[in-house]
Amino acid sequence: MLKGFFNVPTPQNEPVLNYGPRSVERAALKAALDEARSKQTDIPMYIGGKEVRTGNLQELRPPHDHQHLLGKFHYGDASHVAAAIDAALAAKADWEEMPWEHRAAIFLKAADLLAGPYRAKVNAATMLGQSKNAYQAEIDSACELIDFLRFNVFYMTQIYQQQPPISGKGVWNRVEQRPLEGFVFALTPFNFSAIAGNLPSSAAMMGNVVVWKPANTQVYAANVIMQVFQEAGLPDGVINLVYVDGPTAGEVIFNHPDFAGIHFTGSTGVFQNIWKTIGNNIHKYKTYPRIVGETGGKDFVLIHPSADVDVANIALIRGAFEYQGQKCSAASRAYIPKSLWPAIKERMQRDIATFKMGPVEDFENFINAVIDEKSFDKLAKYIDAAKKDKGVEIITGGNYDKSKGWFIEPTVIKVDDPHYVTMCEELFGPVLTVYVYDDKDFDKVVDIVDNTSIYALTGAIIAQDRYAIADMTHRLRNAAGNFYINDKPTGAVVGQQPFGGARGSGTNDKAGSMINLLRWVSPRTIKETFDPPKDYRYPFLQKEI
Ligand SMILES: NC(=O)c1ccc[n+]([C@@H]2O[C@H](COP(=O)([O-])OP(=O)(O)OC[C@H]3O[C@@H](n4cnc5c(N)ncnc54)[C@H](O)[C@@H]3O)[C@@H](O)[C@H]2O)c1
Ligand SMILES: N[C@@H](CCC=O)C(=O)O
C-alpha cells in the first residue's frame, strides 16, 4: 500500500464551451442528440452494481415534444428500496476502509469522463429529458457537475488536514473524520443534473454509502451520470440508484435503524414533511441523522433609483427566464422605482419579443418547455388568474400552448399590491412579477423585500449609489443566502459563490463547499499520551519537608 501525504490537483472551473456555429462541440452535441432521439433507451435501476429491471415501465418524453418517446425506465417499489439499503450496507466496510486518495481518484476520473467522452452524452440527455438549451445544459450537467467533483475532492483533503493546533508536552492530539454510521439517502430534484449527481457523490466521497432517488423527470440524465460513476471505478453498492415513488422510498428509509442522513434538494413542503417524519422516528435510529436540505426560493431583484437601466433589464430577463425560470435562484419578484419603470419596461418588452421559444434541438431557441403537464397547468392557472384579478396587468407574454410541448411564454406581470400571490409564492416557471414603487418610498420597500416571503435563497440589488448598496446589503442580510450586487440572482459557480439559502429555503449547507462535506463525516478526537501519570496525587498534595 502506498504511503504519503498526497496533494490533489488544484481545482479550476471547467471552461464553458460556446457551441457556436461550426464548432467541434456543437457537432458532437448535435450527433449525441440525434443518437439519443433515434432509439428508445431501456433504463434500469442500479442496486449493488447490478442492473435491476422490474418490467413496470414508465415513459420518458422530452417536455418540448411529448409525442416522442425517448425511452422507458424500470419503476421499483418498497422491496427495491430495502434491497438498495442492504447493498449499501454490504458495501460499507470496504468502502470506508478504502484509502481516501483512491476515493478521490474515482471522482476525479468521473470529472474527466464528463469533461471528455461523456460531455455530449450527458448534455444531450439533460437537454432532451429536462428541456434545457445547449448553454443551460453545458453549465449544468457538464461544467457544474465537473466542478462539484473536482472542488469537493480538494475540500475533502482540506478537511482531513484540519488538525488540533496544539498537543501538550508528552501528548499527540489528532482528529479522524469518520464516515457516518449507516447509509445516506440522496433525494434529488428535476431541474439540475449537477445537483442530482452531487448529492450522492459528495456523501460517497467522504466514505459513505448511499441510496439515491432522483426525480422521475430527471431519470434520463441520472442514468448517464450513474454510468459515469461506474466507468470511473465506483465499487458496487456504494451508490445505489432507485426509481420509486417518493413517499414509498420515505416509508422504508425513514424507518430504518441505519438511516444516517439525508442529502435533499427540492421543494420546501417536501423537506418540511421529511424533517417531521425524521423527528417522529428519532428513537428508531442508531445515530442522530444529518438533515441537509436546499429548498425553494422566491428570489428578488430590488432596483434602486440610481440603477443603470440596462444592467437592471438584463438581470431581470436573464434572471427570470433562463431555463424557463425553473431555477431555485430565478428572479421571480422585482421592485422597480417609478422613475425607471418606463425605460426598464421598454427594454424588457423589446428584448423578450426577440426570445425564440421551441425545442432544444433548434439551437436558436432561448426558451424551451417547462418540465411537465402538472407544472404547465399550475402556471397557466396563475396566469389566468392574473388576467382577471384587479390591480394586475400582463406586461408581456401570458400565452401558453401544450399541443406539442409544455410551452409557457415568458410572462411579466405588474401588480399594485406588493403582497399579491405571485409576489409571495414560488411558481417555478417563466413568470416575473413586478411591483413599481414611488421613489420616495424606497426605504419602506427594502422592508417589504425582506418580509414578503418565507424564503431566503437568492436576491439581487441593482444600484450605483454606494450608500444605497451598503444600506441594502446590511438590511437584507437575512433575506438571501446568495446575494448579488449589480448582477442577476442566478448562476452561482462552484468554488466562487457557494450556494444555499436560509429561512424556508433550506439548511444553508452550501453545496460544493467544505461546509457541506463536513455534514457527511463524524469527527473522532484521538489523544495519545506518551508518558501517562502513574500516581493519582497532585504534586501539591505531597507533604512539605
Ligand atoms: N435551494 C436549492 O439549491 C435548490 C436547487 C434546485 C431546486 N430547488 C427546489 O426544488 C424544487 C423543484 O424541484 P422538484 O420539483 O424536483 O422538487 P420536489 O420537492 O417535488 O422533488 C424533489 C425530490 O423529492 C421527491 N419527493 C417528492 N415528494 C416526496 C415525498 N412526499 N416524499 C419523499 N420524496 C418526495 C421527488 O420525487 C424528487 O426526487 C423547487 O422548489 C426549487 O426551488 C432548490
Ligand atoms: N445554483 C443554481 C441554482 C440551483 C437551483 O435550482 C444557480 O445559482 O442558479
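The values are calculated or read from the model by the stated rules, or taken from the named source; none is laboratory data. Just so we're clear, the structure is a prediction, and the values are computed from it rather than from any experiment. With ideal geometry, Cβ positions are generated from the backbone for all residues, glycine too; neighbour counts draw on all protein chains shown.
So the values come out like this:
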read-out	value
Residue ID - farthest from Arg37 (Cα to Cα), chosen from residues in the range 99-140 that are out of contact with any Ser or Thr (no Cβ under 6 Å at 6 or more places or on another chain) and polar (S, T, N, Q)	Gln136
Tabulated pairs, the range 372-386, first closer than 15 Å to Thr396 by Cα, second assigned to a helix (DSSP H, G or I) and within 16 Å of ligand 1 (Cβ to nearest atom), C-beta under 7 angstrom, 6+ apart or interchain	Tyr382/Thr422; Ala386/Thr422
Selection status of Ala460, within 16 Å of ligand 2 (Cβ to nearest atom), touching a Ser or Thr at 6+ places or on another chain (Cβ under 8 Å), in the same structural domain as Gly319 (by TED's automatic domain parsing) and touching a residue at least 40 places away in the same chain (Cβ under 8 Å)	no
Residue match in the range 206-215 (condition: surrounded by fewer than 24 Cβ atoms within 10 Å (Cβ to Cβ) and either modelled with pLDDT of 95 or more or more than 16 Å from ligand 1 (Cβ to nearest atom) (or both))	yes
Criterion (surrounded by fewer than 13 Cβ atoms within 10 Å (Cβ to Cβ), modelled with pLDDT of 95 or more, more than 26 Å from Thr126 (Cβ to Cβ) and not assigned by TED's automatic domain parsing to the domain that holds Leu60) met by exactly one of Lys390, Lys374	Lys390
The range 464-490, subset part of a loop (DSSP other than H, G, I, E, B) and within 20 Å of Thr188 (Cβ to Cβ), residue nearest to ligand 2 (Cβ to nearest atom)	Thr490
Selection status of Lys121, in contact (Cβ under 8 Å) with a residue 40 or more places away in the chain and touching a strand residue (DSSP E or B) at 6+ places or on another chain (Cβ under 6 Å)	no
Test: residue in the range 89-103 that is touching a residue at least 12 places away in the same chain (Cβ under 8 Å), more than 28 Å from Pro257 (Cβ to Cβ) and surrounded by 14 or more Cβ atoms within 10 Å (Cβ to Cβ)	yes
Matching entry among Asp450, Asp351, Asp401, Asp438 (being surrounded by fewer than 20 Cβ atoms within 10 Å (Cβ to Cβ) and in contact (Cβ under 8 Å) with a residue 60 or more places away in the chain)	Asp438
Within the range 318-331, tally of residues that are touching an Asp or Glu at 6+ places or on another chain (Cβ under 9 Å) and near ligand 1 (Cβ under 10 Å from one of its atoms)	4
Selection count where residues are surrounded by fewer than 23 Cβ atoms within 10 Å (Cβ to Cβ) and part of a helix (DSSP H, G or I), scope the range 108-118	5
Residue that is among the aromatic types (Phe, Trp, Tyr), within 16 Å of ligand 2 (Cβ to nearest atom) and closer than 26 Å to Asp140 by Cβ, where the choices are Phe428, Phe363	Phe428
Tabulated pairs, the range 283-301, first free of Cβ contacts under 8 Å to residues at least 40 places away in the same chain, second among the polar types (S, T, N, Q) and in a loop (DSSP other than H, G, I, E, B), C-beta under 7 angstrom, 6+ apart or interchain	Lys284/Asn255
Residues (over 30 Å from Ala90 (Cβ atoms) and either touching a strand residue (DSSP E or B) at 6+ places or on another chain (Cβ under 6 Å) or hydroxyl-bearing (Ser, Thr, Tyr) (or both)) located in the range 25-59	Ser38, Gln40, Glu59
Single residue of the range 424-455 satisfying the filter (under 27 Å from the mean Cα position of the chain (by Cα) and charged (D, E, K, R)) that is nearest to ligand 1 (Cβ to nearest atom)	Glu426
Residue match in the range 503-510 (condition: closer than 23 Å to Gln136 by Cβ and in a strand (DSSP E or B))	yes
Any hit, the range 272-286, residues being within 27 Å of Asn208 (Cα to Cα), in the same structural domain as Pro179 (by TED's automatic domain parsing), more than 16 Å from ligand 1 (Cβ to nearest atom) and of a type in the set (A, V, I, L, M, F, W, C)	yes
Failed item, numbered, when Phe254 is tested on (1) closer than 22 Å to Asn516 by Cα; (2) touching a residue at least 60 places away in the same chain (Cβ under 8 Å); (3) more than 16 Å from ligand 2 (Cβ to nearest atom); (4) in contact with a helix residue (DSSP H, G or I) (Cβ under 7 Å, 6 or more places away or on another chain)	(2)
Every residue from the range 312-327 that is within 14 Å of Ile462 (Cα to Cα) and hydrophobic (A, V, I, L, M, F, W, C)	Ala312, Ile314, Ala315, Leu316, Ile317
Scope the range 221-255; condition within 14 Å of ligand 1 (Cβ to nearest atom) and not aliphatic (A, V, I, L, M); matching residues	Tyr243, Asp245, Gly246, Pro247, Thr248, Gly250, Glu251, Phe254, Asn255
Condition met for His304 (in contact (Cβ under 8 Å) with a residue 12 or more places away in the chain and more than 14 Å from ligand 1 (Cβ to nearest atom))	yes
Considering residues of the range 300-336 that are out of contact with any strand residue (DSSP E or B) (no Cβ under 6 Å at 6 or more places or on another chain) and away from ligand 2 (no atom under 16 Å from the Cβ) only, the residue nearest to Thr354 (Cα to Cα)	Asn313
So Gly325, is it on the phi > 0 side of the Ramachandran plot and not polar (S, T, N, Q)	yes
Residue match in the range 306-324 (condition: outside any helix (DSSP H, G or I) and in contact with a helix residue (DSSP H, G or I) (Cβ under 8 Å, 6 or more places away or on another chain))	yes
